[in-house]
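Everything below concerns the one structure shown next.
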Amino acid sequence: MPQSAPSISAKMSCEKTEKNAPIIKGIYVLADNTPAPEKKQTDIAQAALKGGARIIQFRAKDMAKPEFLNAAREMVRLCKDHDALLIINDYLDIALEVGAGAVHLGADDLSIAEAKKRGPGLIIGRSTHSLEEAIEVEKQGADYIAFGAIFPTSTKGRPTPIQGLEKLKEVCAKVQKPVVAIGGINCSNLASVKKAGASAAAFISEVVCAEKIDERVKELVGIWEKRDT
């Protein structure tokens, strides 16, 4: 597949530090319909963007790749319309093909070094589940570090070790790259996640299962942007 430059929207959702590292901030929504199969991923993304999310990750583990590619093209358009960053889960080739701004990799996916070689300029995120993993992933060159699960969650369909807020604080203190907290985060505990030092908070069920996704995201954005008192 031909390589495309990251979309302009990627630049709009990221600031630059002195080290020229992208910083991902705020409400990060996974357009993943696992907890609500009746909803389309593109509809989830559109509603989340309407509610104020400016970071969308497209994840569909069981979707055929041609269908995933078509949906990714639509999400790029939606994200550009809202000056938002689109992150593609797993598929570096599709991220490059559609002009997404970022790719998110799991432990069993392509190495960070290889992803940077094949997709220079792409923002690269990586999932981690311990302080040691977070430190190692930063050394490997990830642009942001997803860390969790912070609270109990069953979204991924398998048990995930609970890290908790204290470990989140430790990770945020030990690494320089942005930390995206994930796992069981909702309206009632979001403020504590931000207070722990996370640059962003990722949501699946809390958003996807909401009756009105845009209103739920608007509520989350309001909580995140509220000044500490």
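The values are calculated or read from the model by the stated rules, or taken from the named source; none is laboratory data. Bear in mind that the values here come from a model prediction, so they are computed numbers and not experimental data. With ideal geometry, Cβ positions are generated from the backbone for all residues, glycine too; neighbour counts draw on all protein chains shown.
Taking region 83-119 as the range and being assigned to a loop (DSSP other than H, G, I, E, B) and in contact (Cβ under 8 Å) with a residue 40 or more places away in the chain as the test, the residues that pass are Asp83, Ala84, Gly99, Ala100, Gly101, Gly119.
In region 120-131, the condition of being in a helix (DSSP H, G or I) and either among the acidic types (Asp, Glu) or at pLDDT 95 or above (or both) is met by at least one residue. For region 46-58, filtered to residues that are within 15 Å of Cys209 (Cα to Cα) and in contact (Cβ under 8 Å) with a residue 40 or more places away in the chain, the residue that is surrounded by the most Cβ atoms within 10 Å (Cβ to Cβ) is Ala48. Listed here are the strands (runs of 3 or more DSSP E) enclosed by region 1-65 that have at least 2 residues being modelled with pLDDT of 95 or more and closer than 15 Å to Asn89 by Cβ: 26-31, 55-58. When restricted to residues that are within 24 Å of Asn89 (Cβ to Cβ) and among the basic types (Lys, Arg), region 181-204 contains 1. Run Asp143 past the list (1) of a type in the set (Asp, Glu); (2) without any contact (Cβ under 8 Å) to a residue 60 or more places away in the chain; (3) touching a Gly at 6+ places or on another chain (Cβ under 9 Å) and report the number of the one that doesn't hold. Tallying (1) of a type in the set (Asp, Glu); (2) without any contact (Cβ under 8 Å) to a residue 60 or more places away in the chain; (3) touching a Gly at 6+ places or on another chain (Cβ under 9 Å), Asp143 fails exactly one: (2).
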